[in-house]
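Report on one structure; see the data block that follows.
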Ligand SMILES: Nc1ncnc2c1ncn2[C@@H]1O[C@H](COP(=O)(O)OP(=O)(O)O)[C@@H](O)[C@H]1O
Ligand SMILES: [Mg+2]
């Protein structure tokens, strides 16, 4: 890594942490998966995978997801990976301000101007307000505010609630303390999957003056409340004009030429209002300038983009070579914008 890199100490700490947590069985499973998918000899893939993790900052899942088994060294160098992304989050997302992004209620408060939808907080004693909110909107999304890693989002219909006392108590007991109106997505997104609100993940870096868009991924759901992979969702990368670069895929080995439910050809997808999306991301990136490196989840609606959430631990969305034929990733863009 060049001179003013990310620092050896955090890197070593991250590696040591990983080494302690390594699940040997899952490393073998991933090596087997990669070897099978790409017709390689498993032990060679396993050694390469371990070496890449130890010396090239490539997570095991990165290795599988971005088909490192078929990439040469120069191609691999262009890929953003989770260990590097984690270091960027540690360095550029100020610890004193991360809580705003970690707690979905706090996030909605701070970013309320950009949500463009109703929301409320469930509290002891506010059963009637909850009932009025849910009945008023017909269907709502509830969220567990902190740390549910893609599983803490739920959907309820007012018509299915029989006992409002029990409903309200249940929300409190399960920690579903944030209720939101359902976002209405643009027809071009509904054409792919109408039953899920399909979010666009824009990874961006705010350098104090300018917002740099580093990568754009479009997620698609399968009809469930959330478009996350835990709910069967998948994604495709978009180019700077908002056009899909190829079919969709996930981290579980699925590839989708077409959306399995709507038959929409994923490579034909064009995100509408891409210019408004850029302007919008620039606006939200300035709200908490101390948190510079963020994965923004936004939705394009008929009236323009709205904000779902910002992830200070931005995660990585990259090209999958075996699916798109594109053998390079987004790391040069990160390097140019952030200067590491
Ligand atoms: N208000 C909402 N209306 C409709 N769908 C939503 C709403 N909020 C979230 N979702 C769906 O749930 C997904 C996950 O929500 P999000 O708040 O990003 O939580 P997390 O990513 O932490 O699970 C979104 O990507 C979107 O598909
Ligand atoms: Mg999200």
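The values are calculated or read from the model by the stated rules, or taken from the named source; none is laboratory data. The shown structure was predicted, so the numbers you read here are calculated from the model rather than taken from an experiment. When we count neighbours, we look across all protein chains shown, and the Cβ atoms used for this are built from the backbone with ideal geometry, even at glycine.
Taken across region 141-149, residues that are away from ligand 2 (no atom under 16 Å from the Cβ) and surrounded by 15 or more Cβ atoms within 10 Å (Cβ to Cβ) do not occur at all.
Look at region 155-174: where a residue is without any contact (Cβ under 8 Å) to a residue 12 or more places away in the chain, no partner that is part of a helix (DSSP H, G or I) sits 6+ places away or on another chain with Cβ atoms under 6 Å.
The residue list 288, 281, 299 contains one member that is in contact with a helix residue (DSSP H, G or I) (Cβ under 6 Å, 6 or more places away or on another chain) and outside the structural domain of residue 152 (by TED's automatic domain parsing), which is 288.
Each row is one residue, and each column tells you yes or no for (1) out of contact with any strand residue (DSSP E or B) (no Cβ under 8 Å at 6 or more places or on another chain); (2) within 16 Å of ligand 2 (Cβ to nearest atom).
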site: 247; (1), (2): no, no
site: 261; (1), (2): yes, no
site: 271; (1), (2): no, no
site: 276; (1), (2): no, no
site: 285; (1), (2): no, no
site: 291; (1), (2): no, yes
site: 295; (1), (2): no, yes
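If you go through region 172-182 and pick out every residue that is within 16 Å of ligand 1 (Cβ to nearest atom) and over 16 Å from residue 136 (Cβ atoms), you end up with 5.
Here 205, 220 are screened, and the one residue that is within 16 Å of ligand 2 (Cβ to nearest atom), at negative phi and in contact with a helix residue (DSSP H, G or I) (Cβ under 8 Å, 6 or more places away or on another chain) is 220.
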